[in-house]
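Engineer: First the structure, then my questions, so here it is.
Read-outs: derived from the displayed coordinates by stated rules, not from any lab. Treat the numbers as computed from the prediction; the structure is a model and nothing was measured. Note: ideal-geometry Cβ built from the backbone for every residue, glycine included; neighbour counts use all protein chains shown.
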Amino acid sequence: MGNFRFYRRVNIFPGLTVNLSKSGPSLTLGMRGAHVTFGHRGVTRTVGLPGTGIYYTSRAGYNSGVHSAHTDAPIEPSRQAAAHRVGGLIALALIVLVALAIGIAIGTASSGH
């Protein structure tokens, strides 16, 4: 049985992209070959050689805990889910603020003020 997938990438202007998917929004800054993505899973940095398929990605932020080092006090699943929701809300707020700033800048530039 298949599953439903959704993904949409919206270029705000060169170097700034809003990514929308079933798992939540994210914001990507950078260009082909080097970019940083802010999303519900934390911050992801990617550097690569365009056209070759060779790239390096590192992530900082929320982890699933599957490959993390063992701790004496594991995070309760409900607290971990809450942390993911807060991270998603922060990413969404950042996206909205950037989009508003861009809209204001474009509106100001086009009105000649």
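Engineer: Write out the trypsin sites (Lys or Arg not before Pro) in the stretch 22-54 meeting two conditions: DSSP loop, and at most 11 other Cβ atoms within 10 Å of their Cβ.
Structural biologist: LYS22, ARG32
Engineer: Which distance in nm do the two modelled labels at VAL36 and LEU20 give, with both placed 7 Å along the Cα-to-Cβ direction?
Structural biologist: Label at VAL36, label at LEU20, 2.5 nm between them.
Engineer: Would you mind computing, in nm to one decimal, how far apart the modelled labels at ILE12 and THR57 are, each placed 7 Å from Cα along Cα→Cβ?
Structural biologist: 2.2 nm
Engineer: I've got another one for you. Enumerate the amide H contacts of ILE12 below 5 Å, restricted to partners 5 or more residues apart or on another chain; note that Pro and chain-start residues carry no placed amide H.
Structural biologist: The list, which skips near neighbours in sequence, is THR17, VAL18.
Engineer: Can you tell me the length gained on complete extension of the stretch ARG5 to VAL47, counting 0.36 nm per residue apart and subtracting the Cα distance?
Structural biologist: 12.5 nm
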